[in-house]
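**Q** Got a structure here, written out as structure tokens. Questions coming.
The values are calculated or read from the model by the stated rules, or taken from the named source; none is laboratory data. The shown structure was predicted, so the numbers you read here are calculated from the model rather than taken from an experiment. Please note: Cβ atoms are built from the backbone with ideal geometry, for glycine as well, and neighbour counts cover all protein chains shown. For accessibility, only protein heavy atoms count, side chains too; no ligands or nucleic acids. Shrake-Rupley method; radii C 1.70, N 1.55, O 1.52, S 1.80 Å.
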Protein chains: 2
Amino acid sequence: MEKREEAKEVVEEEEQVVNPWEVSAKDGGKIDYDKLIDKFGCQRLDDSLIQRVQRLTNRPAHVFLRRGVFFAHRDFNDILDAYEKGQKFYLYTGRGPSSEALHLGHLIPFMFTKYLQDAFKVPLVIQLTDDEKCMWKNLSVEESQRLARENAKDIIACGFDVSKTFIFSDFDYVGGAFYKNMVKVAKCVTYNNVISAYFTSTGASYVKRLLTYYAMRFVFQVVGIFGFTGEDHIGKVSFPPVQAVPSFPSSFPHLFSGNDNIRCLIPCAIDQDPYFRMTRDVAPRIGYHKPALIESSFFPALQGENGKMSASDPNSAIYVTDSAKEIKNKINRYAFSSGQDSIELHRKYGANLEVDIPFKYLGFFLDDDAELELSREEYGSGRMLTGEVKKRLTEVLTDIVERHRRARALVTDEMVDAFMAVRPLPNMFN
Amino acid sequence: MEKREEAKEVVEEEEQVVNPWEVSAKDGGKIDYDKLIDKFGCQRLDDSLIQRVQRLTNRPAHVFLRRGVFFAHRDFNDILDAYEKGQKFYLYTGRGPSSEALHLGHLIPFMFTKYLQDAFKVPLVIQLTDDEKCMWKNLSVEESQRLARENAKDIIACGFDVSKTFIFSDFDYVGGAFYKNMVKVAKCVTYNNVISAYFTSTGASYVKRLLTYYAMRFVFQVVGIFGFTGEDHIGKVSFPPVQAVPSFPSSFPHLFSGNDNIRCLIPCAIDQDPYFRMTRDVAPRIGYHKPALIESSFFPALQGENGKMSASDPNSAIYVTDSAKEIKNKINRYAFSSGQDSIELHRKYGANLEVDIPFKYLGFFLDDDAELELSREEYGSGRMLTGEVKKRLTEVLTDIVERHRRARALVTDEMVDAFMAVRPLPNMFN
């Protein structure tokens with residue numbers, strides 16, 4: 001294991017790493033999203049596309065579009081072309097239920113997806129990858145399913161329309177009792193086990209075994225294929241297809257039977273791009289449209305903008321379960337501010353808005369464009385103080401969290417059952 | 001690919017290879033089953049165990065037991081201990097539906113399983129691994145499911161009791177439309193794709209890519225892990241758990257709900273042992289009994305006893321679809337006989353019963369012990385001629401094939417549906 005850590009560090013020195021299992025910027029700085037677009041080969045979501053969305057949906061673009069939170073896409077224009085011609089599409093997003101409490105970063109794709117559903121009046125499938133978390137986080141099947149249901153309540157609280165939305169747990173929807181046992185078994189078999197099993201049945205020479213073992217170690221140490229190593233179990237490699245298949249309408253016969261050619265649009269954070277690059281490569285080979293993507297940047301941690309927020313440090317994020325007092329404390333104590341050391345210096349030099357977390361957060365959640373522009377000028381020039389920006393941010397976030405909490409309190413188990421029932425959605429396009 | 005062939009040949013020179021994807025004896029000779037038992041670590045099915053089966057079931061042991069066709073086991077004595085105490089068990093066997101017509105070798109596990117079901121009065125689950133064949137043989141999902149149903153008819157024709165037997169297709173039972181798409185996706189992604197995808201998101205140096213690529217090639221060329229190489233798709237590694245899970249009663253909630261601790265006995269050919277070694281390693285870690293195994297040797301090809309029969313050479317086997325005339329021709333023309341070059345020499349030296357295929361086949365299918373012993377003496381000493389043995393074998397096999405054909409003609413689609421219905425089996429232990 002130690003050697004592998006070294007190998008990873010070498011990679012980090014070379015370049016930023018963004019994939020579903022690791023997000024780290026070069027030299028601990030900021031993620032370079034322009035470079036990411038180049039490397040991944042996706043497209044920038046430019047202003048003309050945003051204007052087109054407003055025109056087609058007859059409503060202002062969501063704040064996450066206007067502010068560039070969702071900043072990249074793949075074939076989103078094809079979706080809009082089809083929509084303009086009266087053709088339908090559906091939305092697919094998901095969540096890996098690894099923890100009970102969600103933070104604001106977790107809510108971003110759902111807030112945005114809710115806007116897309118309302119604006120385009122389209123059906124939505126939400127995948128809860130309880131199987132993934134059972135395999136990666138070493139949760140029991142039961143615990144990951146419990147977390148999936150808890151997370152479903154937070155998702156439902158975002159305001160999705162039950163007549164257009166199907167939420168499913170992989171464990172329940174993919175294959176019931178049988179699939180649960182499959183995953184349990186897979187979790188017990190490592191690649192090294194597989195290699196040993198092969199040697200037992202062929203009886204290769206000692207030298208050959210040793211060479212193979214070290215070649216395998218080398219491969220896994222360097223590449224850490226799709227997030228796993230030789231010590232990892234074989235279940236993990238079966239997961240990418242599970243995340244891929246909701247992109248294909250025939251996976252949901254109760255929703256899209258007879259509508260097998262309908263297009264799919266996936267709102268997600270850009271770290272999920274490797275899964276969907278694979279999916280898009282595969283799609284035409286098995287007779288489907290490539291799913292379109294609309295991809296967000298990462299919501300920064302309170303401590304600053306290098307990487308994602310971390311569940312292991314509760315002070316790195318605002319949780320939807322935080323009280324007003326906790327929100328105020330976290331913002332005041334932990335939100336990385338670019339304000340100068342003294343009021344005098346701040347008045348003279350102003351804030352560095354490129355790295356200032358309170359201002360960045362306002363950019364995500366303050367809907368009023370005029371007020372944000374005013375803050376940009378006033379705070380950037382030093383006329384507005386960090387304390388004032390933090391106070392305004394506290395108000396904005398407290399309001400969002402309070403509204404979420406009230407909505408979630410109204411989500412009953414029966415509502416979860418209703419969203420998760422395997423059923424047709426008769427009016428999903430109205 | 002060429003290099004890999006070489007690597008395989010080296011392994012063959014070293015030792016015999018027996019696994020689900022390859023069976024080959026050392027230097028093209030016979031499989032050494034004693035060595036196999038040692039290497040795999042299973043136990044020989046000895047005479048005292050056979051006597052015990054007769055005593056417990058109150059009926060003569062099946063010809064495949066008496067003649068050592070089923071010659072090895074794992075924990076079969078534990079099954080008998082439990083049975084003696086009045087505890088229940090269930091049987092699990094299966095078939096990979098890769099071809100429409102079955103040959104006699106395919107029927108052997110089913111004939112034996114039918115005997116076990118009747119003798120012990122126990123339920124049986126039969127897995128049709130249409131997903132496996134779709135992945136390995138590059139069949140479409142639809143074609144492999146069609147073959148599964150056709151094969152189910154042959155299996156049902158062996159006389160299984162519908163009130164105690166559940167036959168299932170992996171594609172239908174594991175997860176419906178969703179799982180079918182999963183397998184389709186998995187079939188499109190090779191390990192090499194996965195490595196490339198990883199490099200795209202990390203940007204490793206050219207030298208590192210090259211080294212990794214060659215290390216990977218080396219690993220796959222040498223070990224061909226669980227039957228696949230770097231050029232193979234990732235779906236294949238998800239299959240071993242699929243073959244493992246019918247060993248666990250909770251995989252079948254409609255059969256064994258509340259009976260989660262019931263034991264499982266698996267009759268199979270010994271080439272399946274690697275799957276079930278893995279399964280047995282895993283079982284206690286996820287709270288189940290290790291499944292017991294009762295394992296057969298291979299039914300030899302007409303041309304001689306080195307390896308299995310081959311679907312690509314129709315003259316290597318007797319098919320259940322062969323006419324009486326075809327059976328007679330195949331036995332007379334292709335069955336490898338150890339008789340001497342002339343009648344005179346044969347009378348003098350006798351037949352070599354160790355390699356004589358007509359006599360071996362009689363050993364599998366001639367139920368009358370006294371007649372077989374007589375043939376052994378007469379043919380081995382040279383008093384009986386090859387032509388006479390072949391004539392008797394033709395009678396025996398024609399009878400078996402004719403009976404199978406008549407039984408299969410009576411199997412309707414409704415009967416297949418009945419066996420494959422997901423349902424409880426209320427009287428499965430009576």
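**Q** In whole angstrom, how far apart do the alpha carbon centroids of region B:157-191 and region B:241-313 sit?
**A** 16
**Q** Please give the FRET efficiency for A:R423 paired with A:D118, using the beta carbon to beta carbon distance and R0 = 25 Å, rounded to the nearest 0.05.
**A** 0.75
**Q** Rounded to the nearest 10 Å², what accessible area does A:R263 have for a 1.4 Å probe in the complete protein model?
**A** Surface open to solvent at A:R263 totals about 60 Å².
**Q** If you don't mind, there's one more thing I want to ask. With a 10 Å radius around each residue's Cβ, average the other Cβ atoms per peptide and rank A:132-138, B:321-327, B:243-249, A:420-426, highest first. Numbers along the way, then the final one.
**A** Values: A:132-138: 20.4, B:321-327: 15.7, B:243-249: 26.7, A:420-426: 14.0.
Output ranking for A:132-138, B:321-327, B:243-249, A:420-426: B:243-249, A:132-138, B:321-327, A:420-426.
**Q** Another question, if that's okay. Residue by residue through B:34-45, how many Cβ atoms from other chains fall within 10 Å of the Cβ on average?
**A** Counting other chains' Cβ atoms within 10 Å and averaging over B:34-45 gives 1.
**Q** Which entries in the list B:K184/B:K208; A:K39/B:K208; B:K26/B:K133; A:K30/A:K390 go over 26 Å, if you measure between the two C-alpha atoms of each?
**A** Violating the 26 Å Cα-Cα cut-off are B:K184/B:K208; B:K26/B:K133.
**Q** Right, next: Okay, helix-only estimate at 222 nm for chain B: each DSSP H run of n ≥ 4 adds -39500 (n - 2.57), divide by all residues, round to 500 deg cm²/dmol; what do you get? Before the final figure, lay out each step's value.
**A** Working: 20 runs with 223 residues, N = 430.
Value at 222 nm, helices only, nearest 500: -16000 deg cm²/dmol.
**Q** Further, regarding this structure: Going highest first, how would you order A:111-117, B:344-350 by mean Cβ packing within 10 Å?
**A** A:111-117, B:344-350
**Q** Here's something else I'd like to know. What is the extension gain from B:Y349 to B:S205, computed as 0.36 nm multiplied by their sequence separation minus the C-alpha to C-alpha distance, in nm to one decimal?
**A** Numbers: separation 144, 0.36 × 144 = 51.84 nm, distance 7.12 nm.
Value of the extension gain: 44.7 nm.
**Q** So how far apart, in nm, are the two label points at A:D367 and B:A101 if each is 7 Å from Cα heading toward Cβ?
**A** In this crude spin-label approximation the distance works out to 7.2 nm.
**Q** Pairs of Cα atoms under 8 Å, at least six residues apart: use those to get the relative contact order of region B:29-301, whole percent.
**A** It comes to 23 percent, rounded to a whole number.
**Q** Rounded to two decimals, what is Rg over Rh for region B:29-301 when you use alpha-carbon atoms and the Kirkwood radius?
**A** We get a ratio of 1.01 for region B:29-301.
**Q** Need the list of lysines near B:K85 for cross-linking: C-alpha distance under 27 angstrom, and skip anything on the same chain fewer than eight residues off.
**A** Output for B:K85: B:K114, B:K121, B:K164, B:K290.
**Q** Determine, from the Cβ-Cβ distance of B:N259 and A:K137 and an R0 of 45 Å, the FRET efficiency 1/(1 + (r/R0)^6), rounded to the nearest 0.05.
**A** 0.90
**Q** If you don't mind, there's one more thing I want to ask. Can you give the accessible area of A:T93, probe radius 1.4 Å, in Å² rounded to 10?
**A** 10
**Q** Just for chain B, what percent of DSSP beta bridges are antiparallel, to the closest 5?
**A** Roughly 40 percent of the DSSP beta bridges within chain B come out antiparallel.
**Q** Continuing with the same structure: Counting only the heavy atoms of the protein chains, how much of B:R406 is accessible to a 1.4 Å probe, in Å² to the nearest 10?
**A** Probe radius 1.4 Å; accessible area of B:R406 about 140 Å².
**Q** Another question about this same structure. Would you mind giving the mean number of other chain beta-carbons within 10 Å of the Cβ of each residue in A:239-250, as a whole number? Kindly include the intermediate steps, with their values, before the conclusion.
**A** Working: counts 3, 7, 14, 8, 2, 7, 11, 2, 2, 5, 2, 5.
Other-chain Cβ atoms within 10 Å of each residue's Cβ, averaged: 6.
**Q** Peptide B:271-277: average number of partner chain Cβ atoms within 10 Å per residue? Intermediate results must be reported in sequence, preceding the final value.
**A** Working: counts 1, 0, 3, 5, 1, 0, 4.
Shielding by partners across B:271-277 averages 2.
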